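The block underneath contains the structure these notes are about, expressed in structure tokens.
What follows draws every value from the coordinates through simple rules; no lab data is involved. Computed from a predicted model, the values in this text were never measured in an experiment. Here Cβ is always computed from backbone atoms with ideal geometry, including for glycine, and neighbour counts include all displayed protein chains.
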């Protein structure tokens, strides 16, 4: 069952999802660039942030699909 959302809430969710997509688009080239240039700790931290953003997007998408 879908839950009704206020128009402002729908817009806020849309903005958060767009920001998350932009973060992912920035992080992927950064990961590639740091892979060979930076120390392994930097690469591991950046990879963790990228994985968190991917996980966050899945949760946001689920929320978006469950709300009307």
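Points worth noting:
- Mean residue ellipticity, 222 nm, helices only, the chain: the sum of -39500 (n - 2.57) across DSSP H runs of n ≥ 4, divided by residue count and rounded to 500, is -30500 deg cm²/dmol.
- Pairs of Cα atoms nearer than 8 Å and 6+ residues apart set the relative contact order; for the chain it is 60 percent.
- Rh by Kirkwood over Cα pairs, then Stokes-Einstein D for the chain at 0.890 mPa s and 25 °C, µm²/s: 183 µm²/s
- Label-point gap, in nm, between residue 54 and residue 13 - each point 7 angstrom along Cα→Cβ: 2.4 nm
- Between residue 63 and residue 28, the simple spin-label model (points 7 angstrom out along Cα→Cβ) gives 2.3 nm.
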